[in-house]
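Below: the structure, in structure tokens.
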Amino acid sequence: MTADQIPISRFSFITRLSPKALRYYDQKGLLVPEAKDPMTGYRYYTADQLDRGVRIKTLCNLGFSLEDIASFLEAEAKGDGTAVEALLEEQLSKTQSEIARLQRTEALLKQKGKEMMKMALIDPTIKEVPAIRVLSRRDRGPLSATIEKTIGDLMAVVFAPKNQRNQVKMTGPLMTIYHDENCAEGSPDELDCWAEKEAEIEVAVPVVGKLEVGDPKMELKSLAETKVLSVVHKGSYDTLYMTYRDIFKHIMKSCIEIAGPVRELYLNDPSKVPPEELMTEIQVPIKG
């Protein structure tokens, strides 16, 4: 070992990267020691590599994946400020999503255990749903983000000044229609990734009045009359999978045949009530 070589244990102490991590980064080519003893296999770093080690530690603390760290360091080395900014923005978005998920989790944990586990207000019931005139938009993307954005787009059209002058009004709750089979069925193991799951969904709002749309991606149409198996869920959207479990167990036990895409109707406004007071009706179209 020469005077300018730093053994892995000391390099680990300085950078706060564990020896195990440093060995892994060596294998991946992310932080390769300048020298290795051919007899012992000991790794030695140089003072010039300290900056890169500290940079990697900082990015790890910020939640960057190994792949994104490599891309970030490469962009920095090339002086590609646009790529660096894009990676930072992407990580900020992921962090904000994680904060929102943890806040929802905190709200659930603050509920009493029995109340958290019993979400369905009523047993599944069969009912006839009349034909409904709706303004809708169908799209594909991450469920949570796509639903949120599409609702905003629809509301902007409904409450546009020209449509309000035409006395356009909502006649019922907003709904999501899941066109991908099983995309509305969650499980506790899938809860963390549910919001990011890509699927084909349609968001619709029942309306009356002379509606001017102007957006080619939106459609003014009538949803056909249908018979549904219905149940009302009370609680956070993150616990909907519990009620889905119950309604689909009922379907299988009763040998009911599904006849169309599942609908979720949002009976109150998440901006006006706490998560535990949210009301969502699940409708499963059935035959017979």
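The values are calculated or read from the model by the stated rules, or taken from the named source; none is laboratory data. Note that this is a predicted model, so its numbers are computed, not measured. Positions of Cβ are generated from backbone atoms using ideal geometry, with glycine treated the same way; all protein chains shown enter the neighbour counts.
Of the numbered conditions (1) surrounded by 14 or more Cβ atoms within 10 Å (Cβ to Cβ); (2) within 21 Å of L22 (Cα to Cα); (3) among the polar types (S, T, N, Q), S65 fails exactly one; give the number of that condition.
With (1) surrounded by 14 or more Cβ atoms within 10 Å (Cβ to Cβ); (2) within 21 Å of L22 (Cα to Cα); (3) among the polar types (S, T, N, Q) applied to S65, the lone miss is (1).
Select from segment 259-271 the residues that are within 19 Å of T226 (Cα to Cα) and of a type in the set (A, V, I, L, M) and write down the one among them that is modelled with the highest pLDDT. Write out each step before concluding.
Taking segment 259-271 first, the residues within 19 Å of T226 (Cα to Cα) are 259-266.
Those left that are additionally of a type in the set (A, V, I, L, M): 259, 262, 265.
Working: A259: 92, V262: 92, L265: 95.
So, considering only residues that are within 19 Å of T226 (Cα to Cα) and of a type in the set (A, V, I, L, M), the one modelled with the highest pLDDT is L265.
Basic (K, R), touching a strand residue (DSSP E or B) at 6+ places or on another chain (Cβ under 9 Å) and either surrounded by 14 or more Cβ atoms within 10 Å (Cβ to Cβ) or assigned by TED's automatic domain parsing to the domain that holds D68 (or both): is that true of R23 in this structure? Quick ask: steps written out before the conclusion?
Details: basic (K, R): yes; touching a strand residue (DSSP E or B) at 6+ places or on another chain (Cβ under 9 Å): yes; either surrounded by 14 or more Cβ atoms within 10 Å (Cβ to Cβ) or assigned by TED's automatic domain parsing to the domain that holds D68 (or both): yes.
The answer is yes for R23.
Among what's in segment 26-67 and is closer than 28 Å to T95 by Cα and among the basic types (K, R), pick the residue that is nearest to the chain's Cα centre (by Cα).
Selected residue: K57.
On the basis of being over 23 Å from the mean Cα position of the chain (by Cα) and of a type outside the set (S, T, Y), does V262 make the cut?
On the way: over 23 Å from the mean Cα position of the chain (by Cα): no; of a type outside the set (S, T, Y): yes.
No.
I'd like to check which strands (runs of 3 or more DSSP E) are fully inside segment 220-288 and have at least 1 residues that are closer than 16 Å to D123 by Cβ. I'd like the intermediate steps shown before the answer.
Working: elements: 226-234, 262-266, 279-285.
By residue number, 226-234, 279-285.
For segment 197-218, name all the residues that are hydrophobic (A, V, I, L, M, F, W, C) and either at positive phi or touching a His at 6+ places or on another chain (Cβ under 7 Å) (or both).
Step one: filter segment 197-218 for residues hydrophobic (A, V, I, L, M, F, W, C), giving 199, 201, 203-205, 207-208, 211, 213, 218.
Once the filter is applied, which keeps residues that are hydrophobic (A, V, I, L, M, F, W, C) and either at positive phi or touching a His at 6+ places or on another chain (Cβ under 7 Å) (or both), segment 197-218 yields only I201.
Mind checking which pairs have a first residue in segment 13-31 that is free of Cβ contacts under 8 Å to residues at least 12 places away in the same chain and under 12 Å from R43 (Cβ atoms) and a second that is of a type outside the set (V, I, T) and in a helix (DSSP H, G or I), Cβ under 6 Å, 6 or more apart or different chains?
P19/S12
Can you name the number of the only condition in (1) of a type in the set (A, V, I, L, M); (2) farther than 17 Å from P173 by Cα; (3) buried (at least 18 other Cβ atoms within 10 Å of the Cβ); (4) touching a Gly at 6+ places or on another chain (Cβ under 9 Å) that I247 fails?
Going through the list (1) of a type in the set (A, V, I, L, M); (2) farther than 17 Å from P173 by Cα; (3) buried (at least 18 other Cβ atoms within 10 Å of the Cβ); (4) touching a Gly at 6+ places or on another chain (Cβ under 9 Å), I247 breaks only (4).
If only one of I256, I247 is without any contact (Cβ under 8 Å) to a residue 40 or more places away in the chain, in the same structural domain as P124 (by TED's automatic domain parsing) and either within 23 Å of E225 (Cβ to Cβ) or touching a Cys at 6+ places or on another chain (Cβ under 7 Å) (or both), which one is it? If you could, list the steps in order and put the result at the bottom.
On the way: I247 fails: without any contact (Cβ under 8 Å) to a residue 40 or more places away in the chain.
Among I256, I247, only I256 is without any contact (Cβ under 8 Å) to a residue 40 or more places away in the chain, in the same structural domain as P124 (by TED's automatic domain parsing) and either within 23 Å of E225 (Cβ to Cβ) or touching a Cys at 6+ places or on another chain (Cβ under 7 Å) (or both).
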